[in-house]
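Contents: one structure, followed by commentary.
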Amino acid sequence: MKRREILKIGAAAASLGFPAIIRAQPKEIVMLGLWDQTGAFADVGPLNDRGMRMALEERGMKVLGQPIKYITRDGATQAGTSTRRAEEAIDGEGARFMIGPWSSGVALAVSEVAKRKKVLHFFSGGTEDISGARCHRYSFQWAASPYTAAKTVVDNFMKANPKAKRWHLLVADYAFGWSVEKYIKEVGKTHGLEFVGADRHPLGEREFSNYVQKAAANKPDVVAMINFGGDAVAGAREIFNFGLTPKLPLIMCWSSGVEELIQLAPEIRENLWVGSNFYYTADTPVAKEFVKNYRAKFGTPPGYAPSAAYSMTRLMLAGFDKAKSSEVEAVIKALEGIEVNDLLGRMRVEPATHQTLRPYFFLRCKPKKAMKEELDFADVIATGDSPLPKEYAACKDIGGF
Amino acid sequence: MNLLLGQILNGIATGMLYALMGLGLSLITGVLNIPNFAHGALFAIGAYFLVSVVGLLGNFWLGLLVAPIGVALLGLLIEYAGVRRLYAAGHDYQLLFTFGLALILNELIIVIWGPVGISHLPPAILRGGVDLGFTFYPKYRLFVMAMAGLLVVATWLFLEKTRYGAIMRAGIENKEMVSLLGIDIHWLFTVAFALGAYLAGIAGALTAPIRGLSPGMGVDMLGIAFVVVALGGLGNLLGAIAAGLLIGVAQAVVAAYWTEASTAVIFAVMAAVLLVRPQGLFGIR
């Protein structure tokens, strides 16, 4: 090849490269939805995406008059893939605002990327570490604290079933399962509960017969599951197949609501009690409007996954409005202590921990004959918003920028 | 003790399903010499076919009869229209083809049946359980155990006692020789693929009421099927049955004492066996 030809190719390559650099310094605000399309939460990612997209489209894809460019990446429900793709979107696409992913274990790794790259990060999930031991200035937690969830579930279940003192727990063996298990046991002490067994299962477990047989052997008054998604569905189904439910009550402590319940036949849902970060009959104007629009668009009512993504996006945009700025630091400062009346009713972001204080839902599934329609799964029997007591708080210093 | 007995029973039930999967995969791998990455997807399609047929005809038994035959026909089509055309192109292409096919079938499931999982109850007569003295056990699981056992025995008899089975086994041993004897080797490949697909399909159909249906259900099972084939010895059918049972029981027994390790034990057993016998339990190569 001649020297001149090499120069020509070099020039062509440079001219291809320049627009990319120009694109990377946008007037538009780039927001990243890190939603799994593959791996253990492959079924959840598309639902998250729906929620975030709806919240942005409501605003005409604009905030403070600036256009929003919404991009998504598939984190494959794996820490390595998620952090790599998040970094690529931050460096390559100029994303400065990031929401997701869905797995708490993976999100902890992504949170570190947010801190290092100085990017605002919103997350919803069951690990308490994001607003606890590993809190920092850039990450925010939308889901109720595991303490709030445990307190809502145990207090209200015991109110309805005061004699059910022997509990057997089935716990997903990762960050979220451990966090919720800890507080279920803590709150259980105040009710004099005896935990006759607590078995941990790997994430993505589909063969629950072994766990259920062990649970049955312990002769509990109630089985409580602290797992999520496909795991919870497979577990509930096997607990029914082995004849435990509906004789015994089954609690899903931390459920999606709709997405899991829709996968279970009404017979399996009998005597099923459910704790959830959202339920679609939530009685707020924002929820009513959102549920109406979501149903019109997708046929089913929204569960926890799309609702969390929707509400996190709205909360983040509320931060922009309050800050009157699209700078990361300004939006973070605005979000700290922000108080809104939104999807769940009154919601406040605790400035010292970045934990959203909000109600948690406790549902009782309806027997088949009481259901008004196919998707009329449950009644909300209580909500609870007891915040994490100070003595448990592990976020001692949220730190600086 | 009662717990252990109950767990062993669980292990045999799931082990039988693993054996069905492994047997089909082993047959395809042995005869065609390609690892069929679409085997998990065929398993999932078996389950979805069952639900669709039951929804259409309202009869579980008809569904159980028709769904795996549908999967076998799909297998036939895959071999005839796809895999066959790639024999000349070589191994890598067949491997890539089945891998790509697995992704396509998986997406097709989402397109046709939706991304959200589906629940399917056992037929009314098999709901509930029986008291076996040492444990209360679901009737449907006992049925699966018996049904899978029958299928394994029937497949075994077909391969051992019929002329066609003998040709198939000969095909696994030495394709060139079978071909030289004037037997249409391509037709043999097609039948082996369809039979393997049938076994995956019926394993999926039988699993549906136990595990429910979700688009990713085949992926979970594919990994286990490969472990079964590797553990039993490539192309070794008896090995596949033994390995399926071994893994099922190991998983169940470990879960009784150390639940966190119940998935890891599948691979630990494989690693341990392959360290001692690299050719697998019954393998000769």
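Tallying residues that are open to solvent by 10 Å² or more (accessible area, probe 1.4 Å) and of a type in the set (Val, Ile, Thr) within segment A:246-263 yields 1. Among the numbered conditions (1) more than 10 Å from chain B (Cβ to nearest Cβ); (2) touching a Leu at 6+ places or on another chain (Cβ under 9 Å); (3) open to solvent by less than 10 Å² (accessible area, probe 1.4 Å); (4) not in a strand (DSSP E or B), the only one that A:Val223 does not meet is (4). Assess whether A:Val233 counts as being at the interface with chain B (Cβ under 7 Å from one of its Cβ atoms) and surrounded by 24 or more Cβ atoms within 10 Å (Cβ to Cβ). Yes. With respect to the conditions (1) of a type in the set (Val, Ile, Thr); (2) in contact with a Phe, Trp or Tyr (Cβ under 7 Å, 6 or more places away or on another chain); (3) more than 14 Å from chain B (Cβ to nearest Cβ), A:Ile268 falls short on a single one, namely (3).
Quick check: is even one residue across segment A:318-334 at positive phi and more than 14 Å from every other protein chain (Cβ to nearest Cβ)? Show your work before the answer.
Narrowing segment A:318-334 to residues at positive phi: A:324.
Still in the running and more than 14 Å from every other protein chain (Cβ to nearest Cβ): A:324.
Checked against the condition, which is being at positive phi and more than 14 Å from every other protein chain (Cβ to nearest Cβ), segment A:318-334 yields at least one hit.
Which of the residues that make up segment A:295-317 are within 14 Å of another protein chain (Cβ to nearest Cβ) and closer than 22 Å to A:Gln37 by Cβ? Matches in segment A:295-317: A:Phe298, A:Gly299, A:Thr300, A:Pro302, A:Gly303, A:Tyr304, A:Ala305, A:Pro306.
Filtering segment B:50-68 for residues that are surrounded by 22 or more Cβ atoms within 10 Å (Cβ to Cβ) and under 19 Å from B:Val191 (Cβ atoms) leaves a non-empty set.
Is it true that A:Gly243 is surrounded by fewer than 24 Cβ atoms within 10 Å (Cβ to Cβ), at positive phi, free of Cβ contacts under 8 Å to residues at least 60 places away in the same chain and not assigned by TED's automatic domain parsing to the domain that holds A:Glu57? Even if it seems obvious, please write down each step before you answer.
Working: surrounded by fewer than 24 Cβ atoms within 10 Å (Cβ to Cβ): yes; at positive phi: yes; free of Cβ contacts under 8 Å to residues at least 60 places away in the same chain: yes; not assigned by TED's automatic domain parsing to the domain that holds A:Glu57: yes.
Spelling it out, A:Gly243 is indeed surrounded by fewer than 24 Cβ atoms within 10 Å (Cβ to Cβ), at positive phi, free of Cβ contacts under 8 Å to residues at least 60 places away in the same chain and not assigned by TED's automatic domain parsing to the domain that holds A:Glu57.
Comparison of A:Gly204, A:Gly230 shows that the only residue that is of a type outside the set (A, V, I, L, M, F, W, C), on the phi > 0 side of the Ramachandran plot and not assigned by TED's automatic domain parsing to the domain that holds A:Ser103 is A:Gly204. Any residue at all in segment B:116-128 that's within 14 Å of chain A (Cβ to nearest Cβ), at positive phi and open to solvent by 30 Å² or more (accessible area, probe 1.4 Å)? Within segment B:116-128 (the criterion being within 14 Å of chain A (Cβ to nearest Cβ), at positive phi and open to solvent by 30 Å² or more (accessible area, probe 1.4 Å)), the answer is yes, since at least one residue qualifies.
Would you list the strands (runs of 3 or more DSSP E) that sit entirely within segment A:306-401 and hold 3 or more residues that are hydrophobic (A, V, I, L, M, F, W, C)?
Hits in segment A:306-401: A:360-365, A:378-384.
Selection of segment B:1-43 for residues being of a type in the set (A, V, I, L, M), closer than 19 Å to B:Leu188 by Cβ and more than 15 Å from the chain's Cα centre (by Cα) yields B:Val31, B:Leu32, B:Ile34. Step by step: first the residues of segment B:252-262, then only those that are facing another protein chain (nearest Cβ under 9 Å) and assigned to a helix (DSSP H, G or I), then the one that is most open to solvent (accessible area, probe 1.4 Å). Which residue is that? Looking at the filtered set, the residue picked out is B:Glu260.
What strands (runs of 3 or more DSSP E) lie completely within segment A:98-207 and have 2 or more residues being open to solvent by 20 Å² or more (accessible area, probe 1.4 Å), within 14 Å of another protein chain (Cβ to nearest Cβ) and modelled with pLDDT under 95? It would help to see each step written out before you state the result.
Details: elements: A:120-123, A:139-141, A:166-172, A:194-201.
Once the strands (runs of 3 or more DSSP E) in segment A:98-207 are filtered for at least 2 residues that are open to solvent by 20 Å² or more (accessible area, probe 1.4 Å), within 14 Å of another protein chain (Cβ to nearest Cβ) and modelled with pLDDT under 95, what remains is A:194-201.
Every residue, every condition in (1) in contact (Cβ under 8 Å) with a residue 60 or more places away in the chain; (2) surrounded by fewer than 13 Cβ atoms within 10 Å (Cβ to Cβ), yes or no:
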site	(1), (2)
A:Leu335	yes, no
A:Val340	no, no
A:Arg346	no, no
A:Arg364	yes, no
A:Lys372	no, yes
A:Gly399	yes, yes
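If you go through segment A:236-249 and keep only what is away from chain B (no Cβ under 12 Å) and under 10 Å from A:His168 (Cβ atoms), you end up with just A:Leu248.
The values are calculated or read from the model by the stated rules, or taken from the named source; none is laboratory data. Computed from a predicted model, the values in this text were never measured in an experiment. Note that each Cβ is placed from the backbone with ideal geometry, even for glycine, and that neighbours are counted across all protein chains shown. Please note that ligands, DNA and RNA were not included when accessible areas were found on the heavy atoms of the full protein model with its side chains. Shrake-Rupley method; radii C 1.70, N 1.55, O 1.52, S 1.80 Å.
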